[in-house]
Amino acid sequence: MSTDSGGAPYDAVLMDAVADLGGALRGLVDASVRTSVPAAELSAVAAVVREVTGRLGAEVRPPGRLSVLDDPVQFRRVYNPVTGLGSAVAPPLRLREEPGGVVGEAVFGLAYEGPPGYLHGGMSGLVMDQVLGAATIRAGLWGMTARLELDYRRPVPLDTPVVCRARVTEAGGRKSVVTGTIAPADEPDRPLVEARAVFVLPREELRAEYFAQVTDASGRHAPPSRPTDATAPGSGE
């Protein structure tokens with residue numbers, strides 16, 4: 001068994017296997033959008049993928065049930081679409097604390113393309129929502145996304161290391177205001193995207209409604225109940 005610093009224990013062998021599969025799937029996704037092989041080869045690969053999908057589908061968890069590897073208190077979500085090591089669609093972005101906030105690096109491949117050669121603007125929104133939320137969590141706060149604003153200064157290039165940063169700028173009552181940027185890793189002070197978000201902690205009765213179906217891996221009801229228990233972005237209060 002292993003633990004994150006101060007986190008819940010987890011099966012290290014399973015974690016390695018999940019990360020290995022996630023990396024392999026990300027490689028498959030990337031290859032699938034770059035490939036120029038003929039139609040017959042595409043059809044043959046599709047048959048293999050369908051067979052593998054059937055194997056993975058032999059045992060699945062329902063929406064709202066956390067993976068046995070997840071620890072929301074430590075913000076460890078292995079299938080998160082931005083940071084999850086087990087996710088086929090995550091870059092993944094590796095976040096860590098820095099004085100006053102969080103920082104992370106990523107390289108976005110062709111699977112995230114919007115304008116030719118550049119990151120899709122919607123992907124910038126997804127990533128910044130995650131980074132801004134992480135900064136809120138690390139500040140001992142949490143809430144659901146009530147507002148997210150982005151200023152696109154310059155397009156974000158693909159296949160190029162970028163750095164994402166965020167920090168809480170205001171906090172009071174149930175509301176937190178967080179700002180952040182996406183910038184080239186070699187020019188971190190030249191923002192390509194600037195973001196600002198408002199996170200609001202839902203009232204107690206709404207939290208009970210929103211998370212009524214959330215369970216841990218054993219099926220036990222486990223709704224977020226502390227500032228560091230936030231598990232997903234949403235909207236409204």
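Observations on the model:
- Single match in ALA146, ALA171, ALA134 (criterion: under 16 Å from the mean Cα position of the chain (by Cα), of a type in the set (Gly, Ala, Ser) and either closer than 25 Å to LEU206 by Cβ or open to solvent by less than 70 Å² (accessible area, probe 1.4 Å) (or both)): ALA134
- Among residues that are among the acidic types (Asp, Glu), surrounded by 10 or more Cβ atoms within 10 Å (Cβ to Cβ) and without any contact (Cβ under 8 Å) to a residue 40 or more places away in the chain, ASP70 is not included.
- Checking ASP129 against (1) in a loop (DSSP other than H, G, I, E, B); (2) closer than 30 Å to ARG34 by Cα, the condition it does not meet: (1)
- Of all the numbered requirements in (1) of a type outside the set (A, V, I, L, M); (2) outside any strand (DSSP E or B); (3) touching a strand residue (DSSP E or B) at 6+ places or on another chain (Cβ under 7 Å); (4) within 18 Å of ARG77 (Cβ to Cβ), THR145 misses one, and that requirement is (2).
- Residue in segment 15-24 that is within 26 Å of THR160 (Cβ to Cβ) and not in a helix (DSSP H, G or I) present: no
- Scanning segment 107-118 for residues that are open to solvent by 10 Å² or more (accessible area, probe 1.4 Å) and either in contact with a strand residue (DSSP E or B) (Cβ under 8 Å, 6 or more places away or on another chain) or closer than 27 Å to VAL177 by Cα (or both) turns up VAL107, TYR112, GLU113, GLY117, TYR118.
- Pairing each residue of segment 193-209 that is modelled with pLDDT of 90 or more with any residue that is among the acidic types (Asp, Glu) and buried (at least 16 other Cβ atoms within 10 Å of the Cβ), provided the two are 6+ apart or on different chains, yields C-beta distances under 7 Å for ALA197/ASP129.
- Scanning segment 141-200 for residues that are touching a helix residue (DSSP H, G or I) at 6+ places or on another chain (Cβ under 6 Å) and of a type in the set (D, E, K, R) returns a single hit, ARG167.
The values are calculated or read from the model by the stated rules, or taken from the named source; none is laboratory data. If you're wondering where the values come from, they're calculated on a predicted model, not measured in any experiment. No Cβ is skipped: glycine too gets one built from the backbone with ideal geometry, and neighbour counts run over all protein chains shown. SASA here: full protein model, heavy atoms, side chains in, ligands and nucleic acids out. Shrake-Rupley method; radii C 1.70, N 1.55, O 1.52, S 1.80 Å.
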